[in-house]
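First the structure, in the form of structure tokens, and then the observations on it.
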Amino acid sequence: MAVQKILKLLCFTVLTATLLTSCEPVFDEPVPVPGDADFSRYVAVGNSLTAGYADNALYRDAQLTSFPNLLATQFLEAGGGSFTQPLVEPGVGSDQHGNARLILSQAPDGSFMPVPKAEQGQDIFSESIADQGPFNNLGVPGAKSYHLLMDDYADHNPFYGRFAADSETSVLQQATELDPTFFTLWIGGNDILGWAMSGGTGDAEGGMETNDITPTDVFEDSIETLLSQLTANGAKGLVLNVPEVTRVPVFNIIPWNGLELTEEQAQALIDGYDEALPGYLPDRESYIPDFQEGANGFVIEDPDMEVFAGSDDLKFRMATEEDKILFTVPLDSLQPPPEGPGWGTAAPIPDEYTLRDTQAEIARQTTEEFNSILSSVAEEMDIPVLDVPDMLERTEAGILFDGAVLTSEFVSGGLYSLDGIHLADRGNAQLANEIIEIINREFGASVSPVNVGDFQGVRFP
């Protein structure tokens, strides 16, 4: 009797457990789908930000974490195809001048400073790798909008020459010959950046030299040609617009008021200027920088200043909050005599190492004009646009991921690499997710996001 009761109890227990188990909700894992997009032949067109350039060089590890390569990896689960990049051999990489990539080095005083990883960069230009193509990543460091249309661009830019199909094929032609089904286009940064990085020494009204801002009509014609040809066979895609260059770290690492003085040092500089200025100058005191104890603006050249006739060497002033000191300024030159020439104190910082307030405003206005053109042309062709300035603005406040925060703070923030312009691995991962979010929304796709926490920012020694 007791045995029968036990058996009945066991049967009831098993039956109950089975019923309870069968009532538990079952959640299906979302299956990535392309929606209205077709990722089978994805092509990325752009400049260094597309190429995977980072730490002031093109090197293999950074190419592997370029945002297009990260996207292509995620696309594989949603019908994506192979994605070939013009990879360099493993090594220290190179910039256009043969310098190695930057790494973070710790000084004896405990501070950190970007330094080249080797005395010389690796040779990435002497041999063509065109036979390893065709390439899906057509990002070319240094490229401006109209460069992508030039048939002879391989002769003018070694970063393109190293993988161009031949010396008479434009970047756009290489892209269209792949017959892309999906594309990203990120171009326009260098159309402003070259001018800004030169300290505004080029033509701000519009010119075709390296340090000139691209004429607005040339930029618009280039964008119209690029997008019309990329979509000619029905390809869908996404456009990334132009970041506001004055907000990237290279223009903000050195604070405009980074000159710290004691009361004695401030008075000594005032006395030095007082002795050096000609006695015949009218309103002589106005030419003497107002040095104070504590933080001071660096002394900078200002060719637009109005000065006493024949006194062009007096076109200098103290920097204000709207002025930018470029990170390209030789830091040892800021050392006071006798250790250095005393730029910023005893002598003004040369104009090519600053972006003055009026120049910074030109850069901002031009960015708005170019982004308006990108939005207008893209809207006409029903192409979504990623607002890059908005993303960068959000990173200034901090973007949460995996319990951590991604910010635009140089070195520690994780967004930027050590050149203060290009994205670090983690920054590219976040960018890829911003693109995926738009793709999923606009095309009804369900591409899986990148795990940002799997990628590093700046590597500390």
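The label point for SER167 and the one for VAL33, both projected 7 Å from the Cα toward the Cβ, are 5.2 nm apart.
With contacts defined as alpha carbon pairs under 8 Å and 6 or more residues apart, what's the relative contact order of the stretch 259-354 in percent? That works out to 28 percent. Separation of the stretch 231-254 and the stretch 135-199, taken as the distance between their Cα centroids, equals 14 angstrom.
Of the complete DSSP H runs in the chain, those spanning 24 angstrom or more by Cα along the long axis with a mean Kyte-Doolittle score not below 0.5 are 2-23.
Rounded to two decimals, the Cα radius of gyration of the stretch 259-354 over 2.2 N^0.38 Å is 1.05. Multiplying the residue separation of ASP312 and GLU437 by 0.36 nm and subtracting their alpha-carbon distance yields 39.6 nm. Estimated at 0.36 nm per residue, the fully extended path between ASP390 and GLU361 surpasses their Cα-Cα distance by 8.6 nm.
Using just its DSSP H runs of length 4 or more, each adding -39500 (n - 2.57), the chain gives a mean residue ellipticity at 222 nm of -9500 deg cm²/dmol after division by all residues. Rg then Dmax, both in Å and based on the Cα atoms of the stretch 339-461: 18.8, 62. From the coordinates of this entry, Rg and Dmax of the Cα atoms in Å is computed, and it appears in (1) 25.7, 88; (2) 21.3, 65; (3) 27.7, 124 under the label (3). Between the stretch 427-456 and the stretch 341-367, the C-alpha centres lie 37 angstrom from each other. Just to verify a number: FRET efficiency for ASP304 and THR73, C-beta to C-beta distance, R0 = 60 Å, to 0.05? For ASP304 and THR73, the calculated efficiency is 0.75.
Computed from the Cβ-Cβ distance with R0 of 35 Å, the FRET efficiency linking GLN120 to THR84 stands at 0.80.
In terms of its C-alpha gyration tensor, the stretch 92-212 comes out oblate, because a/c is 1.5 or above while a/b does not outweigh b/c. For the chain, the relative contact order is 18 percent, taking Cα pairs closer than 8 Å that sit 6 or more residues apart in sequence and dividing their mean separation by the residue count. Full extension of the chain between ASP179 and ASP151 gives 8.2 nm of extra length, using 0.36 nm per residue less the Cα-Cα distance.
Count Lys and Arg as plus one, Asp and Glu as minus one, and take only other residues whose Cβ is under 10 Å from that of VAL218; the net charge is then -3. The distance from the alpha carbon centre of the stretch 83-115 to that of the stretch 37-52 is 24 Å, rounded to a whole number. Label positions at SER286 and THR262, each projected 7 Å from the Cα along the C-beta direction, are separated by 3.4 nm. The label point for SER446 and the one for PHE112, both projected 7 Å from the Cα toward the Cβ, are 4.0 nm apart.
We did not get these values from a lab; they are worked out from the coordinates using the rules stated. All values derive from a computational prediction rather than experimental measurement. For neighbour counting, all protein chains shown are included, and Cβ atoms are generated from backbone atoms with ideal geometry for every residue, glycine included.
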